[in-house]
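J.: Please see the structure below; I have some questions.
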Amino acid sequence: MATTAAPALRFTRVPHPAPATAQVRAEVLANPGFGTKFSDHMVSIEWTEAEGWHKAEILPYGPIALDPAAAVLHYAQEIFEGLKAYRLADGGIALFRPEANAARFNASARRLAMAEIPEDLFVQAVEQLVLTDADWFPTVEGGSLYLRPFMFASEAFLGVRPAKAYRFMVIASPAGNYFKSGSPAVSIWVSDYTRAAPGGTGAAKCGGNYAASLVPTAEAFARGHDQVLFLDAAEHKWIEELGGMNLFFAFDDGSILTPPLSGTILPGITRESLIALAREEGLTVREERYSLDQWRADAASGKLVETFACGTAAVVTPVGKVADHNGEFVIGSGGPGQLTQKLRQRLVSIQRGEAEDTHGWVRKIA
Ligand code: PLP
Ligand code: COI
């Protein structure tokens, strides 16, 4: 359901009547955690078949009204994105590859039979919110403003067909570390459940994928792990990804491997960026299938030296330990490996404007 060319939409502004006090905000920004605190405003844009995209607004952050028959509440027509804004050393503000999030958002929209949003409108909406709430950047080391654009079917209709009305929104959340354990490396549980099957929605960033991952994730937590790992649906053999991150494996011959984008995993923007950075470092990067059995064997023989997870929220996070019903195995020393740290540093320094951005990934907005 493609939409016509970007309308010249003007955002209506309704400033928050009672924004957070400087003291409350300072407390949040000094200890932001992940995903529990939100800035003062939010963006809302509506779409209907008749009017296309309209009613672009910057509103006080707060609850929204939904018809109980809104299609999203019944058939889960919902998609989202996750990206970060960074406060730069010179006081400026930058987004990292927002156009890539816009493109993936529309790919998700197509898979979920939803209206597509013009990419420049998506990016503009994100920028408007960041500039409106520019005093919501965390003051902690490694902090950023996490942006969550999302869209849902708002039409009140119980028939099973694509809705004819959608609402797109963006909210902003000051973010510190995604993992609260504070441990230098995460521990993962290999799930018996399946996340995505060929022909399904695994490559889309739709809420339903995450709903289906909650039982496996809760199981991982109950067993004392930080994240869940999913294997392929057909053979339950090949490593796909974590509940909210892609995976990379580093070998003693200097090569790295990441599972291919087969349609069942999310095409991570961090993943794609790291592939480019690793190649620039002279590493051979293979996008190939890798089995759990091989991983275990390679970890034991020392052929596999590091494993890391990557994503917007998690950045680059070392995997220290893996467990399934057959027992557990440790990766390398169980802590962060050298290559993981190097690639993380390369990425973060570009995102924060400390290293040259030769790829045009950093979009300065202030
Ligand atoms: N895989 C899943 C299932 C995710 O939820 C995410 C997070 O967005 C990723 C991978 C990593 O994607 P990105 O690097 O674009 O944040
Ligand atoms: C992200 O990294 O942005 C994610 O969406 C992962 C998780 C928080 C769902």
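No value in this document is a laboratory result; all are computed from the given coordinates. These numbers were taken from a predicted model, which means no experiment stands behind them. Positions of Cβ are generated from backbone atoms using ideal geometry, with glycine treated the same way; all protein chains shown enter the neighbour counts.
J.: Relative to the first principal axis of the alpha-carbon coordinates of the chain, what is the inclination of helix 119-132, with its axis defined by its Cα atoms, in degrees from 0 to 90 and to the nearest 10?
T.: In the chain, helix 119-132 runs at an angle near 80 degrees to the longest axis.
J.: Still on this structure, please answer the following. Please identify the GluC sites (Glu not before Pro) of the stretch 200-258 that satisfy two criteria: DSSP loop assignment and at most 12 other Cβ atoms within 10 Å. Which are they?
T.: 235
J.: Here's a follow-up. Could you identify which residue out of 78, 155, 354 has the top mean-square fluctuation in a GNM of the chain using Cα springs shorter than 10 Å?
T.: So, out of 78, 155, 354, the one fluctuating most is 354.
J.: Further question on the same structure: Starting from a Cα-only point model with no solvent, please compute log10 I(q)/I(0) by Debye for the chain at q = 0.07, 0.11, 0.13, 0.14 1/Å.
T.: Treating every Cα as an identical point scatterer, log10 I(q)/I(0) equals -0.31, -0.79, -1.10, -1.26.
J.: For the chain, with a Gaussian network of springs between Cα atoms less than 10 Å apart, report the residue from 320, 91, 52 with the top mean-square fluctuation.
T.: Ranking 320, 91, 52 by mean-square fluctuation puts 91 first.
J.: If contacts are Cα pairs under 8 angstrom and at least 6 residues apart, what is the relative contact order of the chain in percent?
T.: Computed over the chain, the figure is 18 percent.
J.: Another question about this same structure. With only Lys, Arg, Asp and Glu charged, each at its Cβ (+1 for the first two, -1 for the last two), find how big the charge dipole of the chain is about the Cα centre; round to the nearest 20 debye.
T.: So the dipole magnitude of the chain works out to roughly 300 debye.
J.: If you don't mind, another one. I'd like the FRET efficiency for residue 261 and residue 24, computed as 1/(1 + (r/R0)^6) with the beta carbon distance as r and R0 of 56 Å, rounded to 0.05.
T.: 0.85
J.: By how many nm would the segment from residue 107 to residue 280 lengthen if fully extended, with 0.36 nm per residue of separation less the alpha-carbon distance?
T.: Taking residue 107 through residue 280 to full extension adds about 59.5 nm, to one decimal.
J.: For residue 79, what residues show an amide H to amide H distance below 5 Å, using hydrogens built from the backbone and excluding near sequence neighbours?
T.: 151, 207
J.: For the chain, modelled as a Gaussian network with Cα springs under 10 Å, which listed residue fluctuates most, 85, 211, 299?
T.: The residue that fluctuates most here is 211.
J.: Which percent, nearest 5, of DSSP beta bridges in the chain are antiparallel?
T.: 80
J.: Simple spin-label model, 7 Å along Cα-to-Cβ: residue 291 to residue 193 in nm?
T.: It works out to 2.6 nm between the two label points.
J.: Sticking with this one: Along Cα→Cβ, 7 Å out, is where each label goes; now give me the distance between the ones at residue 50 and residue 348 in nm to one decimal.
T.: Result for the modelled spin labels: 5.2 nm.
J.: What FRET efficiency would be calculated for the residue pair residue 234, residue 325, taking the C-beta separation as r and a Förster radius of 25 Å, to the nearest 0.05?
T.: Here the calculated transfer efficiency is 0.80.
J.: With both partners inside the stretch 12-175, how many of the DSSP beta bridges are antiparallel, as a percent to the nearest 5?
T.: 95
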